Amino acid sequence: MTFWKNQPVPQTRNELEETNGLIREAVNISKNPCKLPVGMYWVSLDLTNETTLNEIYILLKNNYVADANETVRFDYSKDFLKWALSSPNLTLICGIKQFGNSNLISIITGTQEITKCKDVHVKVLAINFLCVHKNFRLHGITPLMIQEITRQANLHNILVATYTSGTFLPTPICTTKYWHRTLNSKNLLDFDFIPKLNLQELIKKMKLPSKVSTNGWRSIQITDSKQVCELLNKSKYKLQRIFETQDIEYLFKNIPKVISSYVVENNGIITDFGSFYQVSLHNLNKQNIISISYCYYYAHTTISLETLIQNLLIESNNQKCDVFNCLDIMDNVSFFENLKFDIGTGNLNYYLYNYGLGKCNPNDVGVIFL
Ligand SMILES: CC(C)(COP(=O)(O)OP(=O)(O)OC[C@H]1O[C@@H](n2cnc3c(N)ncnc32)[C@H](O)[C@@H]1OP(=O)(O)O)[C@@H](O)C(=O)NCCC(=O)NCCS
């Protein structure tokens, strides 16, 4: 831990508990990018350019998060990347290339958000899609990427970052677990996502109603944004994303196979809201793909959380998703058993860079990464 030892993050559990608020101010922010090894150069990436979008897509498709044996890898579609990385808020996308070869070696991205840490609204950069090409790993490129995006964020007066990782770094504010709800039993068995079981029994057990029966349930419309924003910001988590109306308009606008958002409306009043996003997982040995829905933000006042999530399961199933994934954050533990979720093997650690908040329990966390 030579890089992380010198970063403004608590190094131990004790330090985590003792650190409160901003850890250090930004001083003498360099106007020049970090120095790279000979032969490499920085690129800032513009997603409105189709060639650039394709370069990022290919880097991630071939090198992003995989399991330990490299049998399965995430496949974030181009539409997904456009949605994730073109929000109206400031988005930084740093890349490295090599002279003489236009392929991307690595990227890191960050989007400006407001996160409530206890009672303080903090401007943060939410980090995502850190990826180093397989041929360039273990050469210290990650620390350079982190330093460069920190420098760029500091120039925009953003001093704090949020990020998640399955890897253990100093020091998680919270460790969360994935839970899975089977939708398409046959596809999940074929993919080896779930252990071999009696298929007919599983299909019967996981059967869902063909459509949602909640009165007033419908897809979100742009005119719902202000009310949805108010509903979401009423949540009371220790670590919580705070939205503005323009975030809702952008983030939750339905895009097929990317993001799906629903509301319950009664006489013009929006009382409940739920959403999920979709990512494909590629089995590299079998060459088959499953589609995963991830539980995204929600708020409920007239229907139970269990009914809201059941409705999202039905919508996911109708959109031909194979499995619905959830972390044990927010109030999610309350519906796992009744809605037939199974605990997964994956852990996800939550981190704060340059800010002390102490330790959180999973149900203190109301921030969701893509
Ligand atoms: C994660 C990944 C970027 C690390 O690259 P790498 O070449 O192994 O790392 P480098 O040799 O450049 O740098 C090593 C440093 O980065 C740190 N590091 C490793 N993974 C990290 C992560 N996800 N976030 C932040 N730092 C990380 C290491 O702890 C080490 O720092 P240390 O010396 O203080 O311990 C690379 O393995 C990768 O692209 N994996 C697939 C995509 C992925 O998992 N991305 C992370 C999603 S959270």
Practice item. Enumerate cysteines in the chain without a disulfide-compatible partner, where compatibility requires another Cys Cβ under 4.7 angstrom. Key: C34, C94, C117, C131, C229, C321
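Which entries in K123/K238; K61/K186; K116/K253; K123/K340; K236/K359; K31/K359 show an alpha-carbon gap greater than 27 Å? Walk me through the numbers before you get to the answer.
Numbers: K123/K238 15 Å; K61/K186 25 Å; K116/K253 24 Å; K123/K340 37 Å; K236/K359 16 Å; K31/K359 35 Å.
From K123/K238; K61/K186; K116/K253; K123/K340; K236/K359; K31/K359, over 27 Å: K123/K340; K31/K359.
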Practice item. Calculate how steeply helix 305-318 sits against the longest principal axis of the alpha-carbon atoms of the chain, using the helix alpha-carbon long axis, and give the answer as 0 to 90 degrees to the nearest 10. Key: 90 degrees
**Study point:** Cα-based helix-to-principal-axis angle, 50-63 vs the chain, degrees rounded to 10
**Key:** 80 degrees
Practice item. Per DSSP H run of n ≥ 4, the term is -39500 (n - 2.57); total these for the chain, divide by its residue number, and report the mean residue ellipticity at 222 nm rounded to 500 deg cm²/dmol. Key: -7000 deg cm²/dmol
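Under 8 Å for C-alpha pairs, at least 6 residues apart: give me the relative contact order for region 119-181, rounded to a whole percent. Kindly include the intermediate steps, with their values, before the conclusion.
On the way: 26 pairs, mean separation 30.3, N = 63.
About 48 percent, as a whole number.
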Review point. When N is the residue count of region 4-163, what does its C-alpha Rg come to as a fraction of 2.2 N^0.38 Å?
Key: 1.10
Revision key, fill the gap. Candidates V279, V43, V27; GNM for the chain (alpha-carbon contacts under 10 Å) flags as most fluctuating V27
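With charges only on Cβ, +1 for K and R and -1 for D and E, what is the dipole size of region 165-237 about its Cα centre, in debye, rounded to 20? Don't skip to the answer; put the middle values down first.
Numbers: 12 positive and 5 negative charges, 54 e Å.
Here the size comes out at about 260 debye.
Would you please put 15-26, 246-257 in order of how densely packed they are, using the mean number of other Cβ atoms within 10 angstrom per residue and starting with the highest? List each step's numbers first, then the result.
On the way: 15-26: 14.2, 246-257: 17.5.
Put in order of decreasing packing, that is 246-257, 15-26.
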Revision key, fill the gap. Helix 141-155 sits off the longest principal axis of the Cα atoms of the chain, rounded to the nearest 10 on a 0 to 90 degree scale, by 90 degrees
Revision key, fill the gap. With Cα springs under 10 Å, the Gaussian network model of the chain assigns the largest mean-square fluctuation among F273, F99, F335 to F99
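Shape verdict for region 175-366, please, from the Cα gyration tensor: rounded (a/c under 1.5), prolate (a/b greater than b/c) or oblate.
Working: a/c = 1.77, a/b = 1.27, b/c = 1.39.
Oblate.
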Review point. Which of the peptides 282-292, 30-40, 162-172 is most tightly packed, and how do the rest follow, going by the mean number of other Cβ atoms within 10 Å of each residue?
Key: 162-172, 282-292, 30-40
**Study point:** Where a label projected 7 Å from the Cα of K205 along Cα→Cβ would reach, residues of region 296-317 with amide N under 11 Å
**Key:** none
Exercise for review: Could you tell me the largest-minus-smallest coordinate of the C-alpha atoms of the chain on each of the three principal axes, in descending order and whole angstroms?
Suggested key: 59, 48, 42
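Read-outs throughout are calculated quantities, based only on the coordinates presented, and are distinct from any laboratory measurement. Predicted model only: the values in this text are computed from it and were never measured. FYI the Cβ positions are ideal-geometry reconstructions off the backbone, even for glycines, and counts take in every protein chain you see.
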